[in-house]
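Participant: After the structure tokens below, expect a handful of questions from me.
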């Protein structure tokens, strides 16, 4: 006999059924595969049998070590400096390659270094590119989430008024969301072009040529910022609509009451609008965070992770390895790490914004 | 009732058609050139001629856009759904052969004895694929540029040395007439990097992988020769001879617009360069110490491992290797025909033809990219290392890291069957 839960919910199960089957087949099942594959040496194309390798893929991705070195000294015991006056240290190659005294450093590479007085501590990583991708993705999320959410709220407040032609503004702000991200990325590649890009022309026109031309996507110090700015612009309209729907659920009587009490515009925002938007804010924050962690298309179209890994991201690395380098197990391990990160951050956000009784 | 009779009629007709066609066995074929009308026309002509020339086989063509072609083959192979005949990019062939997607061709080696070495796809001592054409890269410049800068015109017998090449760059920069001395094609990310730039490394004496064993890149990609190459490569950018990131439009039109003194470009762009300037000349690759080198091997035809009719598939490929088709392809695409006799039949590559120099270059300097299933990974690692070094990364650290990544991949694949 079917349980009461199943029977009394038959209609409900039938309604949820198609979606549940599709999600199971195309989201949950592949994800279970990804977890399993990340513990093997599975390749995209290979006649070799798949073998279980334990945590080797994770060790390869996350392996980090430190090495502290003293400066090079000449025969008189003085610290050697190069032409620019920078202190010279022994080459890391001597430690990370063919050096039996440091077996734990084999295959490692400098990630960054810290100076402690005269000596310098090198932080070495087994997979510098992945760690850079991790950091870049965090920078991307940390900037995009608040800025995009805030801008979207500002736009929503602007268009949440009765005015002739307001729908035109709504449509204009929403337009970039409807256009494919690949098309948007291609267009912005022209805008950011180092020679004749729109942005460079605009900047040199308003400054009468005082601002030099910048190769926005070709310069490691500007590439990530350029992609962040473009990404914020592209999806801000989507979150604007969500904020707008939240704004329109707030009862006008509250504003009327506020106006009678003599509330200033700031006060009515602070004490009526903002509390009324709390659930919307949680939704927007979590959605932006999750979307920002998955940043891929912009990178693939605009920079391919370059220059000098300044725009590598987690998902771009997962796809590059899984398909480009035929390393399905490595790509799967990256996806699992991303899943753990996004899950913990979402749980943390839920916990911080929980209902307090 | 009326509908039913139409359906029945159609069924009967199709049965009748099939029974006629049954005398011939259908061979399916995949090709990467969807959207390219010229290539499609030549290929369709070959297929029509072949189908009419004998009674056993009918070839049916299905074309894919080049960007989606490799993915389609991999997906088709995973689903057990490959065609009888497929085409394959030369350096990728060992990967597919090793993975069991392809089988050796049943074509007598004497039939291809007069072919250039690049179009012959050899793996494991057997012929797996054969190309109707090859491609070559040259240093494109103008006769007037050479004269103005006071440079010796290099020849295949006596190419520029490293000093002469660097001197040419310095002279072009010093003249102040060009935005950059050299257009390397940095805008063409992807296979262009290993195809066009690994010959520089090989000319220094290094390589992407140690070709004596194919088991390691240690010493080849990070030895003394490779370090010399890396420092020279970085110098091209730090000294302002070339740009590390390039506008794709500059790659296409920059040389013609006079922005560059020299352009490192393929024969497919040669007619455009000739149109831009009457005195365009194609200089052979420089010799950086270990001989002048250029890349070789383009798209080739092969037979899939699961094909039930490898004899028919090989018969078609052998039919396509006739000089007249080689010449047709070369006339349509501008690529180099695989035999000298076919070259003589073409407008561009016959003796004294405007592009005939390229035939000599590929004959003299061509070196295929590493013949190993690991090439698909090695090429990507190499591309990233070169882009990073161009952007100012530490040369030794970058080449060491690339070596480690290639070695780790070879190990993960149990040596790729070498």
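Participant: How big is the antiparallel share of DSSP beta bridges in the protein assembly as shown, given as a percent to the nearest 5?
Facilitator: 70
Participant: Quantify how strongly other chains surround peptide B:72-83 by giving the mean number of their Cβ atoms within 10 Å of each of its Cβ atoms.
Facilitator: Averaged over the peptide's residues, the number is 1.
Participant: Mind telling me which of A:81, A:278, A:325 comes out most flexible in a GNM of chain A, alpha-carbon contacts under 10 Å?
Facilitator: Sorting by GNM fluctuation, first place goes to A:81.
Participant: Let me ask something else about it. Please give the contour-minus-distance gain from residue A:70 to residue A:354: 0.36 nm per residue of separation, less the Cα-Cα distance, rounded to one decimal in nm.
Facilitator: Length gained, residue A:70 through residue A:354: 97.2 nm.
Participant: Same structure again: Mind giving me the nanometre distance, one decimal, between the label points for residue A:281 and residue B:305, set 7 Å out from Cα along Cα→Cβ?
Facilitator: 5.9
Participant: Using the Cα gyration tensor of segment B:314-418, with a ≥ b ≥ c the square roots of its eigenvalues, what is the shape: rounded (a/c below 1.5), prolate (a/b larger than b/c) or oblate (neither)?
Facilitator: oblate
Participant: When the helix-only estimate is applied to chain B (DSSP H runs of n ≥ 4, each -39,500 (n - 2.57), divided by the residue count), what is the mean residue ellipticity at 222 nm, nearest 500 deg cm²/dmol?
Facilitator: It lands at -13500 deg cm²/dmol.
Participant: Is the shape of the protein assembly as shown best called rounded, prolate or oblate, per the rule: a/c under 1.5 gives rounded, else a/b larger than b/c gives prolate, else oblate, with a ≥ b ≥ c the square roots of the Cα gyration tensor eigenvalues?
Facilitator: Verdict is oblate for the protein assembly as shown.
Participant: Now a separate question. Take residue A:147 and residue A:123, extend 7 Å from each Cα along the Cα→Cβ direction, and tell me the distance between the two endpoints in nm.
Facilitator: Result: 2.3 nm between the two label points.
Participant: Now, a different point. Just to be sure I understand the curve: with the Debye formula and one point per C-alpha of segment A:23-117, what is log10 I(q)/I(0) at q = 0.16, 0.18, 0.22 Å⁻¹?
Facilitator: Result of the Debye calculation: -0.86, -0.98, -1.20.
Participant: Next question. Looking only at chain A, where both bridge partners belong to it, what percent of the DSSP beta bridges are antiparallel (to the nearest 5)?
Facilitator: 100
Participant: How much length would be gained if the chain were fully extended between residue B:114 and residue B:60, taking 0.36 nm per residue of separation minus their Cα-Cα distance, in nm to one decimal?
Facilitator: Length difference between fully extended and current span is 16.5 nm.
Participant: While we're on this one: Cut-off is 10 Å between beta-carbons; in what order do A:186, B:61 appear when sorted fewest neighbours first?
Facilitator: Least crowded to most crowded, the residues run A:186, B:61.
Participant: So between residue A:25 and residue A:13, what do we pick up on full extension, going 0.36 nm a residue minus the alpha carbon distance?
Facilitator: Stretched fully, the residue A:25-residue A:13 segment lengthens by 2.6 nm.
Participant: What whole number of Å gives the distance from the Cα centroid of segment A:226-284 to the Cα centroid of segment B:122-161?
Facilitator: Using only Cα atoms to place each centre, the spacing works out to 65 Å.
Participant: Please give the FRET efficiency for residue B:324 paired with residue B:278, using the beta carbon to beta carbon distance and R0 = 30 Å, rounded to the nearest 0.05.
Facilitator: Computed FRET efficiency for residue B:324 and residue B:278 comes out at 0.40.
Participant: Stokes-Einstein D for segment A:165-212 at 4 °C, 1.567 mPa s, Kirkwood Rh over Cα pairs, in µm²/s?
Facilitator: 103
Participant: Taking neighbour counts of Cβ atoms within 10 Å as a proxy for exposure, in what order, fewest first, do B:132, B:162 appear?
Facilitator: B:162, B:132
Participant: Under a point spin-label approximation (7 Å from Cα along Cα-to-Cβ), what is the residue B:351-residue A:35 distance to one decimal in nm?
Facilitator: Placing both labels 7 Å beyond Cα along the Cβ direction yields 7.3 nm.
Participant: Go through A:40-46, B:204-210 and give me the packing order, highest mean Cβ count within 10 Å leading.
Facilitator: Highest mean packing first, the order is B:204-210, A:40-46.
Participant: Picking from A:263, A:333, A:76, which is most flexible by a Gaussian network model of chain A using Cα springs under 10 Å?
Facilitator: Fluctuation is largest for A:76.
Participant: Okay, moving on. Run the numbers on chain A and let me know its relative contact order in percent, using alpha-carbon pairs under 8 Å that are six or more apart.
Facilitator: 21
Participant: Return the single residue from A:27, A:172, A:129 with maximal mean-square fluctuation; model: Gaussian network over chain A, springs between Cα atoms under 10 Å.
Facilitator: A:27
Participant: Using only atoms on other chains, find how many Cβ atoms lie within 10 Å of each Cβ of peptide B:395-407 and report the average.
Facilitator: Shielding by partners across B:395-407 averages 3.
Participant: Another question, if that's okay. Could you state the number of Å between the C-alpha centres of segment B:295-318 and segment B:207-270?
Facilitator: 33
Participant: Let me ask something else about it. Could you list A:269, B:165 in order of exposure, starting from the residue whose Cβ has the fewest other Cβ atoms within 10 Å?
Facilitator: Neighbour counts put them in this order, fewest first: A:269, B:165.
Participant: How would segment A:64-125 be classified by its alpha-carbon gyration tensor: rounded, prolate or oblate, with rounded meaning a/c under 1.5 and the a/b versus b/c comparison settling the rest?
Facilitator: Taking the square roots of the gyration eigenvalues as a ≥ b ≥ c, segment A:64-125 is prolate.
Participant: OK, next. Would you mind putting A:145-151, A:102-108 in packing order, based on average other-beta-carbon counts within 10 Å, highest first?
Facilitator: The peptides rank, most packed first, as A:145-151, A:102-108.
Every number in this text was worked out from the coordinates using simple rules, so none of it is lab data. Keep in mind that this is a model prediction, so the values were computed, not measured. Neighbour counts run over all protein chains shown; Cβ positions are idealised from the backbone, glycine included.
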